Amino acid sequence: MEEYALIMRHEDGSKIASPEQMEIWMKQTMDWIGNIAAQNKFVGGTGLPFHDARVVWPGNVVTNGPFGDIKETIGGFMTVKATSVEEAVEFAKGCPVLQGEGNSVEVRRIAKGDGVH
Amino acid sequence: MEQQELIPHLFRTEFSKIAAVLCKLFGIEHIEIAEDITSETFLSALETWSYKGLPKNPTAWLYSVAKNKARNYLFRNKIFKEKIAGEIIYSKQVSEEIEIDLSEKNINDSQLQMLFAICNPVISQEAQIGLALRILCGFGIGEIANAFLTNKETINKRLLRAKEKLRYEKSAIEFPNDAEINKRLHTVLTTLYLLFNEGYYSESKDAVMRNELCLEAMRLTLLLIENKQTNHPPVSALYALMCFHASRFEARKNENGEIILYEDQDESLWNQELIVKGGYFLNQASQGNQLSKYHLEAGIAYWHTRKANTKEKWENILQLFNRLLQIEYSPIAALNRTYALSKANGKAAAIVEAEKLNLVTNHFYFTLLGELYKDIDNYKAKLHFEKALSLAKTQTEKQLIQRKIESV
């Protein structure tokens, strides 16, 4: 069994959703995680709130928020167990973040620290 | 109380108290001596009381006999020379005055410290429960065998091995220090949780026994709550969970000991006092910032004390299961979560997820699939129930599934 990171990428993190919309997404996200955890494939993960975010650039330059020249940013990540990248991709397909236009989920295998990967 | 009832009753409550105090005094390596002296005390009681009748204060009688026997033993035996004599020489005490402290405080402290000593990961989970039942709850070997649906010999062997291991480890009977308490408490809570479940889900026909197991688990959990050092939020959460479950004692089995499913239970038999108590302790448990699996399970059990099938109820149960599974996966939690999913998000969504669980050796899995397909595809529902029937192990379970097959 390998471990994969599912990285949730938002096309524009500065968009503000209504509290009602947030509540729906929250439920969908919790159910999505629960679906994976019920298969004993959940490892860990967290949301990465945009609020109070900073970006550090070369030369001690610090900017507010992850939004510089690029709009796309990371909203959170989750680590899952999967036998193949295909299975990890199946998990990613259920991610509610994909409902937002331009959003995506990046699937990356986690290095094992075995000197090869 | 009649003498026939009084003695077993006293045996349970007083055995555990005397045994714990003596174990504490002698050290874990002499756990069997403590057990033997306690047993002999009760034998004396049986012999003496049948001739002379009950003493005025049977408990005081037992304590004084136990003290005498323990003192005699100490003088006769090398523990005295090796362990205790050295210490009292300096205290200049006359040897007859060895204090065997059976005060309420020392009894409680000794029982709690024994609980930590017994709940030691070096011995198996089953052995921990067995020893707790023997030493801390005063159950006889036959009763423990009955609870585990096995024979006396097996239990005797298991306990003997466990005692040898503890002796070898020479772990002290004391409170763990603050740095260690969380980790140690975790093992203790697991054992108490399993002890409760052993009673709650036991297949044993002996209803009194099943309830006793649960009540003993609750009594020991309450001991942890009443002690400042061990009163951590997960302890209150576990106690709340036990209260909510115990509130359905009367409603969940019929007079033949057969399980009555939750949906079919007579709510008026649910014990409101225990439900309120559970609410109180769940509230106590939410002070602080720890979220244990007991908090989540108590939350789920709380929602089950409300019978009405509201959207709010099932949505809350689903979210609690979502979090529980992230903390600790178990097949039964995964199955119950999928049931909650069907209630909150509909059967179609639940079927998709249920098919992915793939718990193909678990009869509860096929029972769940049968329930989900019922009224959607009755042919499939029946196939799943039949598969469940072929995997079910006990008569009770087979009967329940048979009824489901007939209902399709």
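The values are calculated or read from the model by the stated rules, or taken from the named source; none is laboratory data. All figures in this text were calculated on a predicted structure; none of them were measured in a lab. Here the Cβ positions follow ideal geometry from the backbone for every residue, glycine too, while neighbour counts run over all protein chains shown.
Summary table
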| item | result |
| --- | --- |
| Enumeration of residues in the stretch B:260-294 that are part of a loop (DSSP other than H, G, I, E, B), out of contact with any Ser or Thr (no Cβ under 7 Å at 6 or more places or on another chain) and closer than 27 Å to B:ILE225 by Cβ | B:SER286, B:GLN287, B:GLY288, B:ASN289, B:GLN290, B:LEU291, B:SER292 |
| Filter result (in contact (Cβ under 8 Å) with a residue 60 or more places away in the chain and closer than 18 Å to B:ASP178 by Cα) within the stretch B:210-243 | B:LEU223, B:LEU224, B:GLU226, B:ASN227, B:THR230, B:PRO233, B:PRO234 |
| In the stretch B:198-227, the residues that are modelled with pLDDT of 90 or more and of a type outside the set (Val, Ile, Thr) | B:CYS214, B:LEU215, B:GLU216, B:ALA217, B:MET218, B:ARG219, B:LEU220, B:LEU222, B:LEU223, B:LEU224, B:GLU226, B:ASN227 |
| The one condition in (1) surrounded by fewer than 19 Cβ atoms within 10 Å (Cβ to Cβ); (2) within 15 Å of the chain's Cα centre (by Cα); (3) closer than 30 Å to B:ALA308 by Cβ that B:MET218 fails to fulfil | (1) |
| Enumerated helices (runs of 4 or more DSSP H) restricted to the stretch B:138-243, each holding at least 3 residues that are of a type in the set (Ser, Thr, Tyr) | B:178-200 |
| Filter pass, B:ALA348 being more than 8 Å from chain A (Cβ to nearest Cβ) and out of contact with any Leu (no Cβ under 7 Å at 6 or more places or on another chain) | yes |
| Conditions (1) of a type in the set (Phe, Trp, Tyr); (2) free of Cβ contacts under 8 Å to residues at least 60 places away in the same chain; (3) in a helix (DSSP H, G or I): number failed by B:PHE249 | (3) |
| Given (1) within 14 Å of chain B (Cβ to nearest Cβ); (2) exposed (fewer than 14 other Cβ atoms within 10 Å of the Cβ), index of the condition A:ALA82 fails | (2) |
| Residue that is nearest to the other protein chains (Cβ to nearest Cβ) [pool: residues in the stretch A:4-47 that are under 18 Å from A:LYS93 (Cβ atoms) and acidic (Asp, Glu)] | A:ASP31 |
| Inter-residue pairs, beta-carbon under 9 Å, first over 15 Å from A:ASN35 (Cβ atoms) and in the stretch A:89-113, second among the aliphatic types (A, V, I, L, M) and surrounded by fewer than 10 Cβ atoms within 10 Å (Cβ to Cβ), 6+ apart | none |
| Residue match in the stretch A:62-71 (condition: part of a helix (DSSP H, G or I), touching a residue at least 40 places away in the same chain (Cβ under 8 Å), of a type outside the set (Gly, Ala, Ser) and away from chain B (no Cβ under 14 Å)) | no |
| Which listed residue is within 23 Å of A:LYS41 (Cα to Cα) and over 32 Å from the mean Cα position of the chain (by Cα), from B:ALA350, B:ALA334 | B:ALA350 |
| Matching residues in the stretch B:262-283 - criterion: being aliphatic (A, V, I, L, M) and over 22 Å from the mean Cα position of the chain (by Cα) | B:LEU269 |
| Any hit, the stretch B:296-306, residues being surrounded by 14 or more Cβ atoms within 10 Å (Cβ to Cβ), hydrophobic (A, V, I, L, M, F, W, C) and within 14 Å of chain A (Cβ to nearest Cβ) | yes |
| Index of the failed condition, B:ALA333 passing every other in (1) more than 12 Å from every other protein chain (Cβ to nearest Cβ); (2) surrounded by fewer than 23 Cβ atoms within 10 Å (Cβ to Cβ); (3) not hydroxyl-bearing (Ser, Thr, Tyr) | (1) |
| Yes/no for B:LEU192 being closer than 19 Å to B:VAL21 by Cβ and under 20 Å from the mean Cα position of the chain (by Cα) | no |
